[in-house]
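The values are calculated or read from the model by the stated rules, or taken from the named source; none is laboratory data. All figures in this text were calculated on a predicted structure; none of them were measured in a lab. Backbone-built Cβ (ideal geometry, glycine too); neighbour counts: all protein chains shown.
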Amino acid sequence: MSVIIKTPSEIEKLREGGKHLAMVLAEAAALVRPGISAMELEELAQKRIKEMGDTPAFLGYKPAGHRTPYPAALIVSVNNVVVHGIPTAKIILKEGDVVSLDLGIKHDGLFTDHAVTVPVGDVAKDKAKLIQVTRESLAVALEAIVPGARTGDIGHAVESFAKKAGKYGVVKALAGHGVGRAIHEDPYIPNYGRKGTGELLVPGMVVAIEPMLTLGSDEVIEGSDGYSMKTVDGSCAAHFEHTILITETGYEILTLV
Ligand code: MG
């Protein structure tokens, strides 16, 4: 485990990049409506990233264990797809869907990572609540980041909040991570855990915190496209993610407009 402490100049670039990323993702999320295709969201993301002078982080990225690189800038995960959904023209969003958009960019050599989940038109009450609880679980995770906190405190905060909120599955196979010089760095930050355990969070660390909750099982399986991760029981999922800087007093969210 080798955690990277970012320099002040790197942190400044991560702040700029985080702001760009939050702007692009907010624009993509604002386009979500019944009838739009995942490919249209992808095209918007690619266009805006280019206009800002940045580079998509996921396009062409080949994670360990994958035979082919990820083919898009944006990740579009609909309903039972938790994460890593590949946007295509065939995926047309429809009223009642729940769509997670996950995007990473490289700005001036440094990476940031950000995700939101939005409803498509009117969605069923349980799905709207899932989105709300997942968004709140990210806020609760961030509140756990106080001086001396460890990665286990974040996981504990997410898991205990989700369990208190209802019968939600907390996805175990995927986790938050360090980010900055690469899109995935140490430490590994699961959305479950015990207080006071795991890696110590030190000022200057930059991490992506990303709870993923479902309306059913906490287990996922890989889809036939080799990338998408789906709930084993077909239940709906939601995902929120911010890139944050660990500070002397707590944290600073970098992926904000
Ligand atoms: Mg991430």
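Things worth noting here:
- Residue within the range 163-180 that is away from the ligand (no atom under 13 Å from the Cβ), under 18 Å from the mean Cα position of the chain (by Cα) and assigned to a helix (DSSP H, G or I) present: no
- Index of the failed condition, residue 151 passing every other in (1) within 16 Å of the ligand (Cβ to nearest atom); (2) in contact with a helix residue (DSSP H, G or I) (Cβ under 9 Å, 6 or more places away or on another chain): (2)
- Any chance residue 113 is out of contact with any Cys (no Cβ under 6 Å at 6 or more places or on another chain) and farther than 29 Å from residue 14 by Cα: no
- Top-ranked residue of the range 1-39 - restricted to ones that are surrounded by 14 or more Cβ atoms within 10 Å (Cβ to Cβ) and among the acidic types (Asp, Glu), ranked as farthest from residue 253 (Cα to Cα): 27
- Filter result for the condition that a residue is surrounded by 24 or more Cβ atoms within 10 Å (Cβ to Cβ), at negative phi and in contact with a Gly (Cβ under 9 Å, 6 or more places away or on another chain), over 77, 137: 77
- Residue count for the range 228-257 under the criterion of being closer than 19 Å to residue 144 by Cα and more than 14 Å from the chain's Cα centre (by Cα): the result is 8.
- From the list 237, 157, the lone residue that is touching a residue at least 60 places away in the same chain (Cβ under 8 Å), over 20 Å from residue 22 (Cβ atoms) and not hydroxyl-bearing (Ser, Thr, Tyr) is 237.
- Pairs linking a residue in the range 97-111 that is part of a strand (DSSP E or B) and modelled with pLDDT of 95 or more to a residue that is within 12 Å of the ligand (Cβ to nearest atom) and among the hydroxyl-bearing types (Ser, Thr, Tyr), with Cβ atoms under 7 Å and 6 or more positions apart or on different chains, are 104/112; 105/112.
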